[in-house]
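Undergrad: One structure, pasted below without further comment.
The values are calculated or read from the model by the stated rules, or taken from the named source; none is laboratory data. All figures in this text were calculated on a predicted structure; none of them were measured in a lab. Cβ placement follows ideal geometry from the backbone for every residue including glycine, while neighbour counts extend to all protein chains displayed. Accessible surface is based on the protein model in full, side chains and every heavy atom, while ligands, DNA and RNA are left aside. Shrake-Rupley method; radii C 1.70, N 1.55, O 1.52, S 1.80 Å.
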Amino acid sequence: MDEIALEIDEKIDDNINIDNDKPHNDNPAVTKIGKPHSGKPITNIEVSPNEIYLVTYSHEDRSIVGWNIKDIDEGPLKLGKPVKLKDISGEENFDLHSMCVSNNKEFVCISKNKILKIYDMNNDQKIKLNWSNCKSYDYCTFDLYGDLILYNDEHKKFSIYSTQTKNNKWSCINTFQISTYFEDLRFISLAYDDECYLFSNTSIYKWVLNTNGSTKILVIDENIGEDIRENIRIIDNEKFICTRIKDKIIIYSVELKIPVASLNLNNGILFFKDIQLSMFDKYPTLCSLLFPLFISNGFSDSIMKNYWKKYLCHLKQNDSLPKESYPSIIRATSKHVFGFIDGNVWKIDLEKMMFNEEYDNDVKINEEMSKMYDRLHILLLDSYVVTVHELFQEAITNYNNKYELNTSQNSIEWSITCKDYKIELQVFKNNVSICTRDVKFVELTVGLSLLGFKLINDDIIILTSIGPLIFHFNENDKSISLSYYYYIILDSNSKDNTKLLQIFSKPTFPLPNHESFKYNAKWVLDVKNNKESLLKYGVELLKFAINEHKLELIEEIYNKCINHFEEDFNNIMFLSIINSNLPLLDKYYPEYILRYSLETAIIVDSPSYDRVNSLHLSSCQFPQLDFQFKKIFKKLIYLWNSYRSNNIVIQILTLIQFLIIISMFFTLIILLLILAILYRIMRFINFDFNTVATKKTTSFIFASPYINFVNYPKDYKWYSELFWPQPSLFIETINSDIYKTWSGEALLDFKWKKYGAIYHALIWSGYLILLVCFNVAARISQQEYVDIQKKLLKISTIFGFIYLSFEVRQLIYDPIKWILDIGKIYDERIVNDDPNNPWNLSPNYQVFENNTSINPSLFILQKPDENTNMFTTFATSFFATCLLLTGDTSSFSNWTYEENPTLMILMILFAFFMAIYILNVFITLFSEATEDHEDSFLITRAEYLAKIELFYLLPFQRRSNRLFPEVIYYCANIDEARKKVKEMIDKGEWNINKISESKKKLMEKLNIPLEKNILAEIQEMKNFSQNLLAEMQEIKKRLP
């Protein structure tokens, strides 16, 4: 992310001619009741979420005044009824700290003592909360749906209340507490769509209240201070998140998930005036986000004095000029600016104010600003989808091949020619050529012609017979870049032309297809060499390179992704380009998986390297919800109070329902205890003594490099997901090289803790219930237990069909894998004379009639063969002894041990001495086999988790951010991390001669000296001497 510092000449003319003979106030409400707040200065202005209502507060007058915004496009607002603060709080010395107002004129304020008060300004009544789970609050606001959101800094707790008033009370609809490993978690602000911003561990996170998912948007390598909400301000929309951190503004792209620009405010001098003309003309959406960030910390004077001059002239013409020439306090939103002038609150349209401004011609836009425009241009290409759709419709209706086009805008002229599978573009300014660009298509089998174009600012959209192209012209660099290309054949005789419109009927452009890169080599270069284009189209480009076996291109893309991440912690999303193509790399170039796993084995995405107390290799996702039983108890208290307030009939019915729920609850508790015991037994059997940690230790937090590796596609159809679920990258790439590193182990640990252990216990508990019920039912023979037998058979049938459905789904999803799975092969008996036929090797039985009894009956007896008594010859006796070494005692099974005690004693002695000998051999070999066992165990766990995800989790569960986050973190003991890094260096897995700054800093934190690899230097000198010797021998041969 590049940082741009602009030096702006701030000469603002304060001489505004005001005709005081004109009327200064035409608001009848103000004239009737006098000036609001008794003419005292305004301290604060707050606007409702949908800009319907506004309140002002005066600390000197200690009063609240409401203003109606609705139905007023521009000018002074309608004054509402004023309210004294003591009437709301009931206290004479209530010191207001923060406030907010809803669209329905409900006013909420918090004192400096963190006491909350609510007042309905419509009905002049106080409102209370029916269940307050916190005695103090630090922040209050209303969301777009009208719900009240409260936050407590001390407990990191959110409370959400419905504003549907009942008995002058609001009901709590949700409450949750957020926790991290760090105690510095602080709330910043609420976003536009039920999202909030949190600060923790020098990073800013966006937390989604509905899904409880979080995304790290910024890493800040500077001291923010204690007052987070004062030093950090965030304005966002669906495209960008603009963050002001002290005197610095960072623009974050929601689509690419990286910061794309940084704007610096030099010494309090505001640059917005000079860049506004070009910025707003090209990017109005972004400009409306930036403007409110300047209305703070003293910058409002510099901006508003500049814009207010032009607006005052407009007011003077309408005879509505105020006495004051400048608003005393300003509040800006993304659409409007509100200022308090001459006893009125004025509403100013932000867009009109910007367009009415006059600009100087000497706008100082340097090379860095030009580069910023190019980066922002890539992110706003989707706004041209409608234009491309219209060009397609026009071409289909009136198909006309052209080979030369010309157009102009202002002083810029474009010339476009098409010849010999090549498109040439030339830009003129004042009839002088300033830039050229050509695009040549190779291996085309269809003709190339021009069908239409559209010029928009510095971009030109060209529709050709092989798809649309979008070019961007940078006047400062005098260059033309290709921003987008999608290969598609548009033929006048084709019947499928109307189907092409469906491709560009969505709100976003389709990603470039394989042919786009195949036929246009320069498009590959444009994507590869542009940071934002690489992140946007890099997945498709790397996929093309792998399928076309372009090794050099694969290597270049791989290195660029790694280098971008190592340059800046905020660029971690570049790793997702590699992760998205891991299945293809596993198929064609598996060596890249091992290389990627080793190079990203221990990485961080924050410069703080803070230490935490945690278990070694314990995975986590933060921020995360902090589950507390205290919340449940408080909820029960609230339900009890609600129960007591009802009449006797409702109380009796509620009590009956409660007793039923309690009985079911205790039944569930007993079942869970049984499952917990079984789970503990299974855990004890599979106990891993190598990785278990019994206590928390000082650890570092590392990030898993497998970004978006576990996520599933968001677009799905639930009925098709039941039989053909869309796999994630984790499902498609089960490679042992991934799980040889801590990151791979942490990934499996996270999955196992989140859902794997629970579903594992449920699956085997179901199997156990099926086994027990069926076996008990099969053994019941008494007539009096027939009813119990039927119930057990019904339970067995239900569980049987449940597990049968899972097997059927697996068969439909992948029949070949299901058939080849061990345990699912059923052979038919084959009768022949082959001695190696398994059916001929199985034991034979013969039916005999028992003639010794009065009632003859039949019985089955195994026929004796040569193996019945193996001690008849020395050879078979020696073989029986060898079998005994393996634990096979079948050769002695024909003799009873009670009647042959000597045989039993000899067998015990033989087993004792041989066990000692074999155990010593096993101990020697165990250390060598441990590593392979761990790999196979992790692969087995990965396959098992994949099976659970696809066939046991529901489709919406697979899209849960809580179960499948973008980034997974894990903690590693500092001592173990130090050993691991030194081991990787010794093995050559970390090349310390070419190491990134982040790894150098990690080595410093781990107290590992950074020394050059002496062996590498010796090898380099050896290679140099060998090459020198070879050259000398060549020279010697040439000499006569």
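Undergrad: Counting only residues that are out of contact with any Gly (no Cβ under 6 Å at 6 or more places or on another chain) and within 16 Å of L381 (Cα to Cα), how many does the range 475-522 have?
TA: Of the residues in that region, 16 qualify.
Undergrad: Filter the range 38-97 for residues that are more than 24 Å from L144 (Cα to Cα) and of a type in the set (S, T, Y) and give the result.
TA: Within the range 38-97, S38, T43, S58, S63, S89 meet the criteria.
Undergrad: For the range 722-820, list the helices (runs of 4 or more DSSP H) that sit wholly inside it and hold at least 1 residues that are surrounded by fewer than 13 Cβ atoms within 10 Å (Cβ to Cβ); which are they?
TA: So the answer is 757-779, 786-813, 815-820.
Undergrad: Let me ask you something else. Here is a check on your reading of the model: is D13 open to solvent by 90 Å² or more (accessible area, probe 1.4 Å), modelled with pLDDT under 80 and assigned to a loop (DSSP other than H, G, I, E, B)?
TA: Criteria not met by D13.
Undergrad: I need the full set of residues from the range 394-405 which are assigned to a helix (DSSP H, G or I) and surrounded by fewer than 16 Cβ atoms within 10 Å (Cβ to Cβ), in order please.
TA: E394, T397
Undergrad: Looking only at the range 145-172, count every residue that is assigned to a strand (DSSP E or B) and of a type outside the set (S, T, N, Q) and tell me the total.
TA: 12
Undergrad: Let me ask something additional. Give, as residue ranges, the strands (runs of 3 or more DSSP E) completely inside the range 445-503 that count at least 3 residues that are of a type in the set (A, V, I, L, M, F, W, C).
TA: Correct list: 450-456, 459-464, 467-474.
Undergrad: Restricted to the range 229-255, and to residues that are within 17 Å of the chain's Cα centre (by Cα) and open to solvent by 10 Å² or more (accessible area, probe 1.4 Å), which residue is farthest from P49 (Cα to Cα)?
TA: Per the stated criteria, the residue is E255.
Undergrad: Only one of these conditions is not met by G452: (1) touching a residue at least 60 places away in the same chain (Cβ under 8 Å); (2) crowded, with 16+ Cβ neighbours inside 10 Å; (3) within 20 Å of N476 (Cα to Cα). Which number is it?
TA: It fails just one condition, (3).
Undergrad: Any residue at all in the range 915-938 that's open to solvent by less than 30 Å² (accessible area, probe 1.4 Å), of a type outside the set (D, E), assigned to a helix (DSSP H, G or I) and at pLDDT 70 or above?
TA: yes
Undergrad: How many residues does the range 62-79 contain that are open to solvent by 20 Å² or more (accessible area, probe 1.4 Å) and outside any loop (DSSP other than H, G, I, E, B)?
TA: Summing the residues that are open to solvent by 20 Å² or more (accessible area, probe 1.4 Å) and outside any loop (DSSP other than H, G, I, E, B) in the range 62-79 gives 4.
Undergrad: While we're looking at this one, here's another question. Which residues, taken from the range 479-504, are open to solvent by 10 Å² or more (accessible area, probe 1.4 Å) and either modelled with pLDDT of 85 or more or hydrophobic (A, V, I, L, M, F, W, C) (or both)?
TA: S479, I480, S481, Y486, Y487, I488, I489, L500, L501, I503
Undergrad: Now a separate question. What residue, of I968, I948, is touching a strand residue (DSSP E or B) at 6+ places or on another chain (Cβ under 8 Å), at pLDDT 85 or above and surrounded by 13 or more Cβ atoms within 10 Å (Cβ to Cβ)?
TA: One residue alone meets the criteria, I968.
Undergrad: So for the range 704-715 (the condition being closer than 30 Å to V981 by Cβ and either hydroxyl-bearing (S, T, Y) or over 33 Å from the mean Cα position of the chain (by Cα) (or both)), does at least one residue qualify?
TA: Taking every residue of the range 704-715 in turn, at least one turns out to be closer than 30 Å to V981 by Cβ and either hydroxyl-bearing (S, T, Y) or over 33 Å from the mean Cα position of the chain (by Cα) (or both).
Undergrad: Can you give me the number of residues within the range 82-132 that are open to solvent by 60 Å² or more (accessible area, probe 1.4 Å), among the basic types (K, R) and touching a helix residue (DSSP H, G or I) at 6+ places or on another chain (Cβ under 9 Å)?
TA: Residues meeting the conditions: 1.
Undergrad: I'm checking my understanding of the structure. Among residues of the range 537-550 that are open to solvent by 30 Å² or more (accessible area, probe 1.4 Å) and touching a residue at least 24 places away in the same chain (Cβ under 8 Å), which one is nearest to L482 (Cα to Cα)?
TA: Top of the filtered list is E540.
Undergrad: For the list (1) open to solvent by less than 30 Å² (accessible area, probe 1.4 Å); (2) at pLDDT below 90; (3) not aliphatic (A, V, I, L, M), I need the number of the one condition that F517 fails.
TA: Exception for F517: condition (2).
Residues checked against (1) modelled with pLDDT of 70 or more; (2) in a helix (DSSP H, G or I):
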{"position": "Y826", "(1), (2)": "no, no"}
{"position": "I854", "(1), (2)": "no, no"}
{"position": "P864", "(1), (2)": "yes, no"}
{"position": "I908", "(1), (2)": "yes, yes"}
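Undergrad: A follow-up question, please. Pick from E154, E106: which is acidic (D, E) and within 23 Å of P82 (Cα to Cα)?
TA: E106
Undergrad: Can you list residue pairs whose Cβ atoms sit under 6 Å apart, with the first residue in the range 152-166 being without any contact (Cβ under 8 Å) to a residue 40 or more places away in the chain and the second being open to solvent by 40 Å² or more (accessible area, probe 1.4 Å)? Count only pairs 6 or more apart in sequence or on different chains.
TA: S162/S171; S162/I173
Undergrad: While we're looking at this one, here's another question. Mind checking which residues of the range 113-160 are touching a Ser or Thr at 6+ places or on another chain (Cβ under 7 Å), of a type in the set (V, I, T) and within 13 Å of S102 (Cα to Cα)?
TA: Residue satisfying the conditions is I149 alone.
Undergrad: Considering every residue within the range 343-354, establish whether at least one is at positive phi and either modelled with pLDDT of 90 or more or buried (at least 16 other Cβ atoms within 10 Å of the Cβ) (or both).
TA: There is at least one residue in the range 343-354 that is at positive phi and either modelled with pLDDT of 90 or more or buried (at least 16 other Cβ atoms within 10 Å of the Cβ) (or both).
Undergrad: Something else: Between Y596, Y588, which is open to solvent by less than 10 Å² (accessible area, probe 1.4 Å), over 18 Å from the mean Cα position of the chain (by Cα) and hydroxyl-bearing (S, T, Y)?
TA: Criteria check complete, one pass: Y596.
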